[in-house]
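*Asks:* After the structure tokens below, expect a handful of questions from me.
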Amino acid sequence: MLLLLAGCATQGGGGGPASDDRADRLMRRGDNAGAAAMYEQLAQGNPPPARNNFALAAARAWLAANRADDAQRALDLASGASGSQQLELGMVRSQVAVARGQYAVAWQQVSQLPQPADAATASRLLQLRQQVALRAGQPLDAVRAGITRESLAGNDEQRTAARRDLLTGLRGAIEGGLRVDPATSNDPLVRGWLELAQISVSAGRSPLSADSAVARWRTRFPGHPGSTIIESEILHPASRPSENIPRLVASSGPVALLLPLTGRQSAVAQLVRDGFQAAVARLPESERPALKIYDTGAMSVGAALQAAQAEGAGFIVGPLVREEAQVAAEQRPGTVPLLLLNTLPGTSFAGNQLYQFALSPEDEARQIARQIAGSGKRNVAVLAPTGDWGNRVATAFTEELTHDGGGVVAQGSYDIAKNDLTSSLTATLGINEARARQQRLQQTINAPVEFDAYPRPDIDAIFVAGYQSIALRQINSQLIFNNAGDLPIYITQDGVSADTTENRDLRGMRVLGTPWELDSVGPVADLRTATETQWSAQGPRQSRYFAFGYDAATLTMALRRGSANWPLQGLTGRLQLTPEGRIERSLNWGQLKDGQVQAFDPAAN
């Protein structure tokens, strides 16, 4: 068989004949696309059943390279598949549909695949069903798949792994916006899992409420298999560091907070300070660190760092302003852990105990890009303001969208000071070109031609970056006037005004918001009410800096302990530590209606 395969293989490009071994070496080197192309050559040059195995290998490698369309082409090479190959082909087809954002199609495909007799293969199929069901908005089917998978486990370790995987999947789906209603199931096993997942999400936001919620759950669902993982997954989550995030090292000593409490940034800094102090005050007294605050508006950052070191600081938080953050990163005393309250573009602090946390519009742009790509609406028009802010946000969006298989088909910039919004928008949407064609046709036939403005047909969605509400209001009006109002339009939250009357012209636009701003009930809403006197004087819009300070304290405590169960649920979003030492935020979805941002599920619209 090996001789036959070697004889039938087609020639690879540039490095000798294609072979299974060479493709495998490319995979190990991380060249997934190169390996996929070689497997595809082998599939084209061999008869079944070898053809089908190579087609499967090619499709999996294309998926690893984030090229779903190429994966589908590789699958189309398969023919005359046996029973086991048909199952594998069906599973990979479902994965391709997921990668394309076709979740309903993926669920239809994977749900119709027969469960094999082999326990290991059946477990893989059931795990895939569980994952796809959650993507397709089918939580009951996801739980049923997880329960069946657990029943096939051969030992306690496998059973625990299946339970953890189910709870983690449910928790992530709920945090990502999936609506779960335990009352839709009469099966106590299914209902128990759904309620436990909701408790797990709430515990991430408000750990102090977890004990009582779990106690009530245990009473309602005695003997439920989920009870075996409550301790490790909810009440006392053990840190299971990923190899992809920096190793945390515990520190002791006072926490030094560096903020410009006087000067131009004082109002924001004071809210950050108050939020930080509020979070520390809610800790058990035995866990509260000593807190020393240094005003970088009255002293230089270098002097504040020296004073913090002299007074024994074991952890430093701040500064807030980017220029000062750069100085702090360069002048950090010794190896004291440092959480910057800003980001330094292009800077990685991986492994150096230096971390970056900010209310970053780039994080919003990346999450919007992931949502658009995942929805299947992959061709996007982008509008951003001229200048550094707009360039950074547009670049972050484009990079993330491209990585997820989408593309920016049109891009424009605008400057409200030059009053060029209309011309920039119509050029970006392709309306200027259409109008020019209409005028040429009129000249050719020497007769008037009726013209109605429409955006170019290959635009699936529009992303408008902006930090001036007046600009976004005018842009939305122009989009509606030019018949683009039916397209999904996404904006950055900096462009949403604190004055709800001004936001009426933003109706229909989709935006990301923090739990602090959007949660109307639950632990975050309760905390917002309890702390209202501490931030209300600055207004609801500015209060997000109070929430930012609160989250900075939450991160400080986790980093200072040397352990964290990522992601952390914060007031400004789900907080995840990246390999580069950045804290990325995942936010909640909202849509502008009657001047207010209301909770919104983009997957259902």
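The values are calculated or read from the model by the stated rules, or taken from the named source; none is laboratory data. Quick caveat: nothing in here was measured; it's all calculated off a predicted structure. Here Cβ is always computed from backbone atoms with ideal geometry, including for glycine, and neighbour counts include all displayed protein chains. SASA here: full protein model, heavy atoms, side chains in, ligands and nucleic acids out. Shrake-Rupley method; radii C 1.70, N 1.55, O 1.52, S 1.80 Å.
*Asks:* Just checking, how many residues over the stretch 584-605 are under 16 Å from Ala365 (Cβ atoms) and of a type in the set (A, V, I, L, M, F, W, C)?
*Replies:* Going through the stretch 584-605 one residue at a time, the tally reaches 2.
*Asks:* Confirm whether Ala74 is closer than 30 Å to Asp404 by Cβ and modelled with pLDDT of 90 or more.
*Replies:* Values: closer than 30 Å to Asp404 by Cβ: yes; modelled with pLDDT of 90 or more: yes.
So Ala74 fits the description; yes.
Conditions (1) closer than 27 Å to Ser266 by Cβ; (2) more than 21 Å from the chain's Cα centre (by Cα); (3) modelled with pLDDT under 90, marked per residue:
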residue	(1), (2), (3)
Val317	yes, yes, no
Leu339	yes, yes, no
Leu344	yes, no, yes
Gly351	no, yes, yes
Gln356	yes, no, no
Ala373	no, no, yes
Val393	yes, no, no
Gly405	no, no, yes
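*Asks:* For Gln115, indicate whether it is in contact with a helix residue (DSSP H, G or I) (Cβ under 9 Å, 6 or more places away or on another chain) and closer than 18 Å to Trp193 by Cα.
*Replies:* Answer is no for this residue.
*Asks:* Mind listing whichever residues of the stretch 16-38 are of a type in the set (Gly, Ala, Ser), assigned to a helix (DSSP H, G or I) and over 20 Å from Val96 (Cα atoms)? Before you say what the answer is, go through the steps one by one.
*Replies:* Of the residues in the stretch 16-38, the ones of a type in the set (Gly, Ala, Ser) are 16, 18-19, 23, 30, 33-37.
Filter once more, keeping what is assigned to a helix (DSSP H, G or I): 23, 33-37.
Selection gives Ala23 alone.
*Asks:* Could you please let me know if Gln95 is touching a helix residue (DSSP H, G or I) at 6+ places or on another chain (Cβ under 7 Å), surrounded by fewer than 19 Cβ atoms within 10 Å (Cβ to Cβ) and assigned to a helix (DSSP H, G or I)? Spell out how you get there, then give the answer.
*Replies:* On the way: touching a helix residue (DSSP H, G or I) at 6+ places or on another chain (Cβ under 7 Å): yes; surrounded by fewer than 19 Cβ atoms within 10 Å (Cβ to Cβ): no; assigned to a helix (DSSP H, G or I): yes.
In short, no.
*Asks:* What number of residues within the stretch 131-177 satisfy the criterion of being free of Cβ contacts under 8 Å to residues at least 12 places away in the same chain and charged (D, E, K, R)?
*Replies:* 2
*Asks:* Which of (1) under 30 Å from Thr160 (Cβ atoms); (2) part of a helix (DSSP H, G or I); (3) modelled with pLDDT of 90 or more does Leu63 not meet, given it meets every other one?
*Replies:* It fails just one condition, (3).
*Asks:* Can you name every residue in the stretch 467-510 that is touching a residue at least 60 places away in the same chain (Cβ under 8 Å), open to solvent by less than 40 Å² (accessible area, probe 1.4 Å) and touching a Ser or Thr at 6+ places or on another chain (Cβ under 7 Å)?
*Replies:* Val496, Asn503
*Asks:* Looking at Glu285, Glu323, Glu362 in this structure, which one is over 30 Å from the mean Cα position of the chain (by Cα) and acidic (Asp, Glu)?
*Replies:* On the way: Glu323 fails: over 30 Å from the mean Cα position of the chain (by Cα); Glu362 fails: over 30 Å from the mean Cα position of the chain (by Cα).
Exactly one of Glu285, Glu323, Glu362 is over 30 Å from the mean Cα position of the chain (by Cα) and acidic (Asp, Glu), namely Glu285.
*Asks:* Considering the stretch 253-276 alone, what residues qualify as being closer than 12 Å to Asn342 by Cβ, open to solvent by 10 Å² or more (accessible area, probe 1.4 Å) and in a helix (DSSP H, G or I)?
*Replies:* Val268
*Asks:* Looking only at the stretch 459-473, count how many residues are more than 19 Å from the chain's Cα centre (by Cα) and among the aromatic types (Phe, Trp, Tyr).
*Replies:* Of the residues in the stretch 459-473, 1 are more than 19 Å from the chain's Cα centre (by Cα) and among the aromatic types (Phe, Trp, Tyr).
*Asks:* Name the residues in the stretch 99-134 that are assigned to a loop (DSSP other than H, G, I, E, B) and either open to solvent by less than 30 Å² (accessible area, probe 1.4 Å) or closer than 19 Å to Gln86 by Cα (or both), would you?
*Replies:* Let us first name the residues in the stretch 99-134 that are assigned to a loop (DSSP other than H, G, I, E, B), namely 100-102, 112-118.
Hits for the stretch 99-134 are Gly101, Gln112, Leu113, Pro114, Gln115, Pro116, Ala117, Asp118.
*Asks:* Taking the stretch 39-73 on its own, how many of its residues are closer than 11 Å to Val96 by Cα and either of a type in the set (Asp, Glu) or open to solvent by 30 Å² or more (accessible area, probe 1.4 Å) (or both)?
*Replies:* Within the stretch 39-73, the subset closer than 11 Å to Val96 by Cα is 59-60, 62-64, 66-73.
Next, from what is left, pick out any that are either of a type in the set (Asp, Glu) or open to solvent by 30 Å² or more (accessible area, probe 1.4 Å) (or both): 60, 63-64, 66-67, 69-70, 72-73.
Of the residues in the stretch 39-73, 9 are closer than 11 Å to Val96 by Cα and either of a type in the set (Asp, Glu) or open to solvent by 30 Å² or more (accessible area, probe 1.4 Å) (or both).
*Asks:* Within the stretch 244-254, work out how many residues are of a type in the set (Val, Ile, Thr) and either modelled with pLDDT of 95 or more or farther than 19 Å from Arg332 by Cα (or both).
*Replies:* Total meeting the criteria: 1.
*Asks:* Kindly evaluate Val105 against the criterion of being without any contact (Cβ under 8 Å) to a residue 24 or more places away in the chain, within 29 Å of Arg378 (Cα to Cα) and among the β-branched types (Val, Ile, Thr).
*Replies:* The answer is yes for Val105.
*Asks:* Turning to a different aspect of this structure: Across the stretch 513-555, what is the total count of residues that are open to solvent by less than 40 Å² (accessible area, probe 1.4 Å) and at negative phi?
*Replies:* Within the stretch 513-555, residues that are open to solvent by less than 40 Å² (accessible area, probe 1.4 Å) and at negative phi number 22.
*Asks:* Do any helices (runs of 4 or more DSSP H) entirely within the stretch 490-574 hold 3 or more residues that are farther than 15 Å from Gln277 by Cβ and among the basic types (Lys, Arg), and if so, which?
*Replies:* Filter on the stretch 490-574 gives 544-561.
*Asks:* I'm checking my understanding of the structure. Among residues of the stretch 565-577 that are open to solvent by 10 Å² or more (accessible area, probe 1.4 Å) and in contact with a strand residue (DSSP E or B) (Cβ under 7 Å, 6 or more places away or on another chain), which one is farthest from Ala547 (Cα to Cα)?
*Replies:* Of everything passing the filter in the stretch 565-577, Trp566 is farthest from Ala547 (Cα to Cα).
Residues checked against (1) within 24 Å of Val496 (Cα to Cα); (2) at pLDDT 85 or above; (3) not small (Gly, Ala, Ser):
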| site | (1), (2), (3) |
| --- | --- |
| Leu555 | no, yes, yes |
| Ala558 | no, yes, no |
| Ser563 | no, no, no |
| Pro567 | no, no, yes |
| Gln576 | no, yes, yes |
| Ile583 | yes, yes, yes |
| Trp589 | yes, yes, yes |
| Leu592 | yes, yes, yes |
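*Asks:* Residue by residue through the stretch 278-316, note down the ones that are buried (at least 17 other Cβ atoms within 10 Å of the Cβ) and in a helix (DSSP H, G or I).
*Replies:* Once the filter is applied, which keeps residues that are buried (at least 17 other Cβ atoms within 10 Å of the Cβ) and in a helix (DSSP H, G or I), the stretch 278-316 yields Ala278, Ala279, Val280, Val301, Ala304, Leu305, Ala308.
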